Each structure stands twice: as C-alpha cells, then as structure tokens.
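*Asks:* Shown below is the structure under consideration.
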Amino acid sequence: MTKRKEAETGTLEPIPLDPKKMTRSPAKSGQKEVYESSDNGDKSLPGKKRRHVLSLDMEAETLIRLPGKSLMKFLCVSKTWYSLIRSQSFVSSYYAAKPSRFVAAFTNSASGTPKRLFIMSGEEEETSLSSSLVANLDKTIPNVTLNHGFSKFYSSVHGFMACNDGLNFIMCNPTTGQVITFGCRATGTCLGYDPVHDQFKALTLLTSRYAHMHNPSLMCTHEVIRLGRGGRVVSRTQVTSPPYTPMSVGLSIDGFIYYAAYVPNQTEATPPVFVCFDVRNERILSFITAPQEFLLSKGYASLIEYKGKPAVVVPIFQGFGSSFGRFNFWILEDVTKHEWSKQTFQLPLSLPFSLGMGHRMISQGTNKAGEIIFSPTTLSGRAQPFYVFYFNPVTKSTRRVRIHGVADTEEFWTLYGLTGICAASFLPRHNDSIAFL
C-alpha cells in the first residue's frame, strides 16, 4: 500500500524507471547543443557536436515537484513526457510525495437553475495560526444539485471525490478533471479503494429499511461495483450479510469501508454497530460493537478519520438544539477487540446546529496537525464569507478561518446563477492525485 509522505524540501526519493520502456525523440531545434573545441586548437573550426539532455530520472525528479495541473498540460509536450507522467511508478511517487489539499464543494439550490456542482481546492495552511486560506475553482459539473439537509454527501478516496445524486454516483479527480458517472440500483452508494490491486469499488445496500420493518430477519443484500479503465463498470456482484440499517455514509480507510448502523427490531438498550466492509475481498468483515450514544444521536453524529482510525464526533446540544458548545469524541482504538476511547471537549464558543433546515456546523475530518475541523453544510448566504472552525484537542483552543473564493462575491453568484440555500461541504484533507481511471 502506498503511504503518503509529508512534503520535505529537497528530500524527494529517486523514481525507479525502466529506460527500455521509454522512447526519446530525436534532437529538436530547442535542445541545447555544445560544441567541443577541435584538436588543432583552431576555435574557428567546429568540433564534435554534443547534446546535453537530462536523464529520465532527473526529468522525473524535476516534474514531480510541479503542481498536478501543470503536469496535465505537459502531457502534450512530447511522447516521452506523456509516457513518463502516465507511468504507474510516476503516478504512485507523485501521490506519495505531495501534501494533501482542502476541498470545498457546493451546488446550486435544489430549486435553482442551472443545476451545477462546484469543486474548489487550495493548499493547507503551513502553520496553525492562519486566519484565512484561498480556494481556486477546479471543476464545475453540470446537472448536479444536492438537496439541503444531507449532513455529509461528499467523500475523498485516493485522489477522487465522490457523491450521490439520486441513483447516479459521481466521481471526480479535481487535478486531472476526469469525471465518471454511473447508475446504481439504490441510493447511499459509497466508494472504496483496494490498495493491493489499485482498484476502485462502489458499495450499495440494496435492502431497504422498509423491508426490515416487515421482516426483521431478512438478510441484507449489497451490490459491489468494480471500476476499470476509463471509469467503465466492469462487473456488478452481490454479497449478503446479517440484517442492519445504516445510520451514516461510508468512510474509506486503508482498504476498508466503515459506517454506523443498528440492528432492526432490537431494544434501545442494544448497542449499535459499525459495519466494516473489506474492499479487496468484497465481503462484510465484521459488525463492531459501538457506544449506545451513536444510536441516540443518529443523524447528528459525524463519522471521520482521526490519525488513521475511525472516529465519531457527537455534538452536545444546548437548549432546544440550535447550537452546541461541547462534543464527545469517540475513537475506535482496536477493531478486533471493539475498544473505544472517549473524550469530552468544551468549545470556547458555541457553533450553530439547527435540528431543522437551518444553519448547521458538522465535522468532516482533521488536518495534518490533528485539529478537528467544523464546517457549514450550506453557504452562509448570498455573497457571504465562508468560515470553518479549527479545534485543537491538545490546547483546547478554537480558531476561525475564512476560505476566500467560495462563492463570496456578488459577481460569482450572478455569473453562475446561484439562488436560495446552497448545500456545501468541506473536506480538510484531500489527497492530490494525477491518476486516470
């Protein structure tokens, strides 16, 4: 499995390449040529002509330092560069070397036209004291609008963003611009990645909760969709598991998909579970016993990754639930022993959390410094600033960070015809990739 490394200046490792598989074009007029002096010492006579050309390893080490969007343009420079940039070794080395980025995504309101999904991204802050970041528009996808009210509808898996739009599942690589859309037999599809075989798979639960109301012992049927080159669906297979009803969207970590669920027709005292799906072997690996609080707070808890482990943020509401000033933080410490740790944190300021259709702040992950990040599920309003909040669990401090460029000008709203309440999402750590499916 490829491990991502923190970017360090001047410490990139050489990329092993097979020169026999690479072809270099003949000398071109733009290449630098050097003439050696002739043996008789007459500088007026030309000597031996010699071309100075960078080796493939040197070219790779130079190119890997460049932004992904620049590399996409360089695919047209020559056949040699095209072969180098698209080679599996270069793609893997780029993925491992590049630091993660944040991604902000939003759509026009459900009743607005035109329907469009906006994907923006930017560099993570270099220090934990930043009060603003800048997002640039990477991609717009037409005919996609997500209803307000979904607590989390985007995911980031091995360089690709994914979301559900009804029975359609959409994948997009913001760096390459590749967009893949395919149909599913039910809603709630989630994306996983098999690092051993370098393959993406989508998991859909076909058995509805209404079926379990009439037959609680009914086995759950899932569809596993394998994706091949070009994002083509190469197979659809079915797997079964004991009955359960999902309570959250899926979270992909190191070849497994996790999501919260509960077993139907059980008493409230029965603990909920975490379903663990093995992407490589295409089977439900286990039901992990989870704290009872997950069942009581279903729909409001946020499932995130924390230092490589599944974790859950559960807000503790104030008053009638319009805001929260504390939250419980659960971490799955041991998957096999079903052991969880719990901490309760007090926020220096309360964050809004409407139980209805109003403004809501949720957590969708952490940054590389381990800060828990809370972001809004909608844009704040027409041409209003977009803010996210970073909570440091060590210092217990919170800072507000403005993300410049996220539909915060009147010109942007007018240009793209935005109206009403626009659903939004903020992914703190999106792994940059130049891979194509």
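Residue-by-condition table, conditions (1) of a type outside the set (Gly, Ala, Ser); (2) touching a residue at least 40 places away in the same chain (Cβ under 8 Å):
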position: LEU332; (1), (2): yes, yes
position: VAL335; (1), (2): yes, yes
position: SER350; (1), (2): no, no
position: ARG360; (1), (2): yes, yes
position: THR377; (1), (2): yes, yes
position: PRO393; (1), (2): yes, yes
position: ILE403; (1), (2): yes, yes
position: VAL406; (1), (2): yes, yes
position: GLU410; (1), (2): yes, no
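*Asks:* Of all strands (runs of 3 or more DSSP E) completely enclosed by segment 185-239, which ones contain at least 2 residues that are open to solvent by less than 70 Å² (accessible area, probe 1.4 Å) and among the aliphatic types (A, V, I, L, M)?
*Replies:* In segment 185-239, 199-205, 220-227 are the strands (runs of 3 or more DSSP E) which contain 2 or more residues that are open to solvent by less than 70 Å² (accessible area, probe 1.4 Å) and among the aliphatic types (A, V, I, L, M).
*Asks:* Still on this structure, please answer the following. Given the conditions (1) within 23 Å of LEU427 (Cα to Cα); (2) open to solvent by 50 Å² or more (accessible area, probe 1.4 Å); (3) at pLDDT below 90; (4) not charged (D, E, K, R), and given that PRO67 satisfies all but one, which numbered condition is not satisfied?
*Replies:* (3)
*Asks:* Let me ask something else about it. Residues THR113, THR140, THR80: which one is open to solvent by less than 50 Å² (accessible area, probe 1.4 Å) and either modelled with pLDDT under 90 or in contact with a Cys (Cβ under 6 Å, 6 or more places away or on another chain) (or both)?
*Replies:* THR80
*Asks:* Further, regarding this structure: Kindly indicate whether GLU333 is among the acidic types (Asp, Glu), farther than 20 Å from LEU117 by Cα, open to solvent by 40 Å² or more (accessible area, probe 1.4 Å) and not in a loop (DSSP other than H, G, I, E, B).
*Replies:* yes
*Asks:* Oh, and also: In segment 83-95, how many residues are closer than 30 Å to THR366 by Cβ and open to solvent by less than 10 Å² (accessible area, probe 1.4 Å)?
*Replies:* So the answer is 2.
*Asks:* Let me ask another. Among the candidates LEU437, LEU415, which residue alone is under 30 Å from LEU71 (Cβ atoms), free of Cβ contacts under 8 Å to residues at least 12 places away in the same chain and not in a strand (DSSP E or B)? Before the answer, list the steps.
*Replies:* Details: LEU437 fails: free of Cβ contacts under 8 Å to residues at least 12 places away in the same chain.
LEU415 is the lone residue from the list that is under 30 Å from LEU71 (Cβ atoms), free of Cβ contacts under 8 Å to residues at least 12 places away in the same chain and not in a strand (DSSP E or B).
*Asks:* For residues that are in a strand (DSSP E or B) and buried (at least 16 other Cβ atoms within 10 Å of the Cβ), tally how many sit in segment 287-315.
*Replies:* Residues in segment 287-315 being in a strand (DSSP E or B) and buried (at least 16 other Cβ atoms within 10 Å of the Cβ): 14 in total.
*Asks:* Could you pull out every one of the strands (runs of 3 or more DSSP E) wholly within segment 336-381 that has 1 or more residues that are open to solvent by 10 Å² or more (accessible area, probe 1.4 Å) and modelled with pLDDT of 85 or more?
*Replies:* Answer list for segment 336-381: 339-352, 361-366.
The values are calculated or read from the model by the stated rules, or taken from the named source; none is laboratory data. As the structure is a prediction and not an experimental result, all values here were calculated from the model. Cβ coordinates were reconstructed from backbone atoms using ideal geometry, including for glycine residues, and neighbour counts include every protein chain displayed. Side chains included, ligands, DNA and RNA excluded: accessible areas come from the protein's heavy atoms. Shrake-Rupley method; radii C 1.70, N 1.55, O 1.52, S 1.80 Å.
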